[in-house]
Amino acid sequence: MNKHEAPIAIASLHTATRHDSGPKHVSGTAEYIDDMIEPEGTVHAYLALSSRAHAEIVSVDLAAAKAAPGVLGILTAEDIPGENDVSPSHKHDEPVFAEGKVQFWGQPLFAVVAETRDQARRAAHLAKVEYRDLPHALDVRAAQAAGGTLVTEPLKLERGDVAAGLAGAKNRVKGSIAIGGQDHFYLEGQIAMAVPGEDEDVTVYASTQHPSEVQLMVAAVLGIRHHAVTVNVRRMGGGFGGKETQGNLFAAVAALAAKKWNRACKIRPDRDDDMTATGKRHDFVVDYDVGYDDSGKIAAVDAVYGARAGFSSDLSGPVTDRALFHADNAYWYPAVRVRSEPLYTNTVSNTAFRGFGGPQGMMAAERWVEDIAYALGKDPLDVRKANFYGTDTDNVTPYHQVVEDNIVHRVVDELEASADYQARRAAILKYNAGSAILKKGIALTPVKFGISFTATWYNQAGALVHVYKDGSIHLSHGGTEMGQGLHIKVAQVLADAFGVGLDVVKIMATSTGKVPNTSATAASSGSDLNGMAAWDAARQIKARLVRHAARLHQVSEAEVEWVQGGIQAGPKFVPFAELVASAYLNRVQLSAAGFYETPKIHWDRATGRGHPFYYFAYGASVSEVTIDTLTGEYVVDRVDILHDVGRSLNPAVDIGQIEGGFIQGMGWLTSEELVWDDKGQLRTKAPSTYKIPLASDVPPVFNVRIAEWSVNKEPTIGRSKAVGEPPLMLAMSVVEALSMAVASVADYAIAPRLDTPVTPERVLMGVERMKREARG
Ligand code: MTE
Ligand code: HPA
Ligand code: MOS
């Protein structure tokens, strides 16, 4: 066979390739932890949760729970051989089981271990707990009023002379926006199964984005070394940040029981307990003071970002940091001072959620842009454009990183044209003037999102690649699959590198035994990091194979060319499998560990200066809505999106991420409302009261496009860009469109200032306020 006969039809990089588990997802054969065959004698654990927001525990009577049918025993803080802590910030403020006091309604007190899950679950409700109530603060304003204890050092970003900028500005706007939280509502809830091994060993199957941290936590709780714990993750049924840290406790409890009774143990909370006991997106209250001129150009921004951290630090420091990193969205502020306030509250400890604080930071930016537009009687899009980062000047962020890859102008201009924004806005203004009850709104909002973990050391990844004698390949990397399509992308990288078909590459479950010391699959950087690590492993094996082929076929290494299906050694084509078989016989190592560390980045939190992001991902969306001013009900009629993924690794997966991210963001900003009662109990803990978007909420016209001309300026894998989180923030245009529709009631003369989520109730209240203030 010569070079031209090599097979060519292989799916590789940049091609629209379906998710590797797609057929299994839709046919119900994809295996999740609850589907796994349970080892003989598996027992089940169930958590008992506190029913006070803040109280001393006076007494706990476990007699009835212990005596309940099937119960093997109860795990309390006293049963923990190591540390009673699963705090990911290592501040030792997150006990597995409460000791002495409870700090939120829903805090785990103990776990019942029984023969069946139902027995454990029933027995967990039989304990009698006596409390002595302590004062509680539940939300941002209450925490601020109570003195504002911070769970971690605040971050301050500052650039330019803010006082002079504000004082010298022709116009000023002061205000605040309340931005709601969000439950992850992953389809598969938290779950873990632990299988005891010999000596101290334990194997944990966990639904986690962060197997290495689960390993560390299980080891710390059991008081053993990391090497005794193996954590495996085949896939999650959704994570969205809710499984970056929140799975730690469940894994630790399962492992505790497994070692104590020497039986496998599984733990899976009911949905309402999952929603009550696990952290969510942080709700924020942002107080701002902004100076601007008559053209709408911002002179200075001064803002404080209060966030409901919950009872422990968890990731609230990094989350509020990322909010500040996105206080600019796509806008240049000549002078800026922003400060975070991650406030301790007697609620569940809030955590990572797609965007990781960035969405809240950007929502606030869009709010003052909107305020300025309504104060000046301008189209908000004009105010947005007036404040975009420049390309060569006006391009320094509040954290002193220069924006070097700004494409916001092109993205916005192209979308404005393709969505026919100007004509539609003119038509809507006309429609509103003639429509008494129904009002429409349209808005175009931009997104600029920083890519890299701001914890710089997290920006590393490993992979382990084995090539077997028949030419088939095992791919292990440090990333986890939660539905986002990471595995197929990394498999594409490997297939492309080796010039083989995707069927040759087997994607292995993520395991701490295969790739050690991994970072959470988070910050959208899964494919950036693990794709490069896998590529590095392939590079090493390929170099050895080239050396071997050159020797075997007596050509120079330069004459060996990697082609699809195999190699070309001078005139001779050698199929991949044949090459591998002969390499084995010649004692060539066919396995390699790859590694990658993101270049260029650095960050000094103390000074608020650095280059925390490798690059930025951009996007823009136009939303059109219709509201009913009598009821506040509304529909999103049409959405157009243009989003930047660099050179897409897999356009099918990326379009899915953009669509899904947008809809999830729309849910966050419109219908998903978390309500705690004054006792601190979460009242929206089921789909009956917590409303995520339905299939029927997808806009009837939903045009999603990738900016196909975009190429990452940095040498990322295939010149792609991260896609997981940024599209969520495209949903801000829905809020802005609703704002316009509400503002139409008072002829666009009053800034609508709707808090999020913009529920129909908030729309109605906004409309009523417009009517009142227009009259008065
Ligand atoms: N997509 C699906 N289907 N399910 C998920 O849980 N999580 C999001 C995003 N897209 C998520 C998802 C979040 S929060 C992140 S950080 C990224 O995927 C993580 O994966 P990546 O880094 O491989 O993009
Ligand atoms: N994003 C997501 N998860 C994280 C980050 C981040 O920047 N830092 C630590 N965990
Ligand atoms: Mo995503 S919030 O970084 O897991």
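The values are calculated or read from the model by the stated rules, or taken from the named source; none is laboratory data. This one's a predicted model, so the numbers in the text were calculated from it and none came from an experiment. Reconstructed Cβ throughout: ideal geometry from the backbone, glycine too, with neighbour counts over all protein chains shown. Please note that ligands, DNA and RNA were not included when accessible areas were found on the heavy atoms of the full protein model with its side chains. Shrake-Rupley method; radii C 1.70, N 1.55, O 1.52, S 1.80 Å.
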>> Residues to consider are Val96, Val112; find the one that is aliphatic (A, V, I, L, M), touching a Phe, Trp or Tyr at 6+ places or on another chain (Cβ under 9 Å) and touching a residue at least 24 places away in the same chain (Cβ under 8 Å).
In response: Val112
>> Can you tell me which residue is nearest to ligand 1 (Cβ to nearest atom) among those in the range 510-526 that are out of contact with any strand residue (DSSP E or B) (no Cβ under 7 Å at 6 or more places or on another chain) and within 24 Å of Asn712 (Cβ to Cβ)?
In response: Gly526
> Among Ile437, Ile507, Ile488, Ile473, which is touching an Asp or Glu at 6+ places or on another chain (Cβ under 7 Å), modelled with pLDDT of 95 or more and away from ligand 1 (no atom under 16 Å from the Cβ)?
Replying inline: Ile437
>> Tally up the residues in the range 228-249 that are in contact with a Pro (Cβ under 9 Å, 6 or more places away or on another chain) and either part of a loop (DSSP other than H, G, I, E, B) or open to solvent by less than 10 Å² (accessible area, probe 1.4 Å) (or both), please.
In response: 5
> Can you pull out the residues in the range 745-769 that are closer than 15 Å to Thr626 by Cβ, open to solvent by 10 Å² or more (accessible area, probe 1.4 Å) and in contact with a helix residue (DSSP H, G or I) (Cβ under 7 Å, 6 or more places away or on another chain)?
Replying inline: Val745
> Conditions: (1) farther than 30 Å from Asp755 by Cβ; (2) away from ligand 3 (no atom under 16 Å from the Cβ). Pro211 meets all but one. Number of the miss?
Replying inline: (2)
>> Can you list residue pairs whose Cβ atoms sit under 6 Å apart, with the first residue in the range 518-535 being at negative phi and the second being small (Gly, Ala, Ser) and near ligand 1 (Cβ under 8 Å from one of its atoms)? Count only pairs 6 or more apart in sequence or on different chains.
In response: Thr521/Gly479; Ser525/Ala722; Gly526/Gly479; Asp528/Ala722; Asn530/Gly479
> When the range 30-75 is examined, which residues are found to be polar (S, T, N, Q) and open to solvent by less than 30 Å² (accessible area, probe 1.4 Å)?
Replying inline: Thr42, Ser50
> Of everything in the range 150-169 that's among the small types (Gly, Ala, Ser) and outside any loop (DSSP other than H, G, I, E, B), which residue is most open to solvent (accessible area, probe 1.4 Å)?
Replying inline: Ala167
> Going through the range 425-456 one residue at a time, which ones are in a helix (DSSP H, G or I) and either more than 24 Å from Pro752 (Cβ to Cβ) or open to solvent by less than 30 Å² (accessible area, probe 1.4 Å) (or both)?
Replying inline: Ile428, Asn432, Thr456
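Let's see how each residue does on (1) in contact with a Gly (Cβ under 7 Å, 6 or more places away or on another chain); (2) among the small types (Gly, Ala, Ser):
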position	(1), (2)
Lys259	no, no
Asn262	no, no
Lys266	no, no
Arg271	yes, no
Asp274	yes, no
Asp283	yes, no
Gly291	yes, yes
Asp294	no, no
>> Please go through (1) open to solvent by less than 10 Å² (accessible area, probe 1.4 Å); (2) within 16 Å of ligand 1 (Cβ to nearest atom) for Asp371 and return the number of the only condition it doesn't satisfy.
In response: (2)
> List the pairs whose first member sits in the range 608-634 and is closer than 17 Å to Arg410 by Cα and in a strand (DSSP E or B), whose second member is open to solvent by 30 Å² or more (accessible area, probe 1.4 Å) and among the aliphatic types (A, V, I, L, M), and whose Cβ atoms are under 6 Å apart, counting only residues at least 6 apart or on separate chains?
Replying inline: Tyr618/Ile407
>> Condition first: among the β-branched types (Val, Ile, Thr) and part of a helix (DSSP H, G or I). Now tell me which residues in the range 106-149 satisfy that.
In response: Val140
>> I'm trying to understand the selection: among the residues of the range 629-653, which are of a type outside the set (A, V, I, L, M, F, W, C) and surrounded by 24 or more Cβ atoms within 10 Å (Cβ to Cβ)?
In response: Tyr634, Asp640, His643, Asp644, Gly646, Ser648, Asn650
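Identify all residues within the range 343-361 that are part of a helix (DSSP H, G or I) and near ligand 2 (Cβ under 9 Å from one of its atoms); write none if there are none.
If the condition is that a residue be part of a helix (DSSP H, G or I) and near ligand 2 (Cβ under 9 Å from one of its atoms), then Gly358 is the only one that fits.
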> Taking the range 322-356 on its own, how many of its residues are within 27 Å of Val86 (Cα to Cα) and open to solvent by 10 Å² or more (accessible area, probe 1.4 Å)?
Replying inline: 4
> Are there any pairs, at least 6 apart or on different chains, whose C-beta atoms fall under 7 Å, with the first in the range 409-438 and touching a residue at least 60 places away in the same chain (Cβ under 8 Å) and the second among the aromatic types (Phe, Trp, Tyr) and open to solvent by less than 60 Å² (accessible area, probe 1.4 Å), and if so, which?
Replying inline: Val411/Tyr618
>> Can you pull out every residue in the range 209-224 that is within 22 Å of the chain's Cα centre (by Cα) and small (Gly, Ala, Ser)?
In response: Ser212
> When the residues of the range 685-735 are filtered to those that are without any contact (Cβ under 8 Å) to a residue 40 or more places away in the chain and of a type in the set (A, V, I, L, M), which remaining residue is least open to solvent (accessible area, probe 1.4 Å)?
Replying inline: Val698
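From the residues in the range 180-209 that are of a type in the set (Ser, Thr, Tyr) and within 16 Å of ligand 1 (Cβ to nearest atom), which one is surrounded by the most Cβ atoms within 10 Å (Cβ to Cβ)?
Here the answer is Thr208.
Of Tyr292, Tyr305, Tyr333, Tyr344, which residue is in contact with a Pro (Cβ under 7 Å, 6 or more places away or on another chain), among the hydroxyl-bearing types (Ser, Thr, Tyr) and away from ligand 3 (no atom under 16 Å from the Cβ)?
Just a single option satisfies the conditions, and that option is Tyr333.
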>> Looking only at strands (runs of 3 or more DSSP E) that lie completely in the range 459-534, which have at least 1 residues being of a type in the set (D, E, K, R)?
In response: 505-507
> Picking from Arg281, Arg225, Arg271, which residue would you name as being open to solvent by 10 Å² or more (accessible area, probe 1.4 Å), touching a residue at least 60 places away in the same chain (Cβ under 8 Å) and either of a type in the set (D, E, K, R) or within 16 Å of ligand 1 (Cβ to nearest atom) (or both)?
Replying inline: Arg271
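Okay, residues lined up against (1) touching a Gly at 6+ places or on another chain (Cβ under 6 Å); (2) in a helix (DSSP H, G or I):
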site: Pro699; (1), (2): no, no
site: Asn703; (1), (2): no, no
site: Glu708; (1), (2): no, no
site: Glu714; (1), (2): no, no
site: Val723; (1), (2): no, no
site: Ala731; (1), (2): yes, yes
site: Ala741; (1), (2): yes, yes
site: Ser744; (1), (2): no, yes
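Output the residues belonging to the range 583-609 that are among the polar types (S, T, N, Q) and surrounded by 16 or more Cβ atoms within 10 Å (Cβ to Cβ).
Across the range 583-609, the qualifying residue is only Thr598.
Residues checked against (1) under 25 Å from the mean Cα position of the chain (by Cα); (2) open to solvent by less than 20 Å² (accessible area, probe 1.4 Å); (3) more than 24 Å from Phe356 (Cα to Cα):
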{"site": "Ala463", "(1), (2), (3)": "yes, yes, yes"}
{"site": "Asp470", "(1), (2), (3)": "no, no, yes"}
{"site": "Ser476", "(1), (2), (3)": "yes, yes, yes"}
{"site": "Glu481", "(1), (2), (3)": "yes, yes, no"}
{"site": "Gly485", "(1), (2), (3)": "yes, yes, no"}
{"site": "Gly499", "(1), (2), (3)": "no, yes, yes"}
{"site": "Ser525", "(1), (2), (3)": "yes, yes, no"}
{"site": "Leu529", "(1), (2), (3)": "yes, yes, no"}
{"site": "Met532", "(1), (2), (3)": "yes, no, no"}
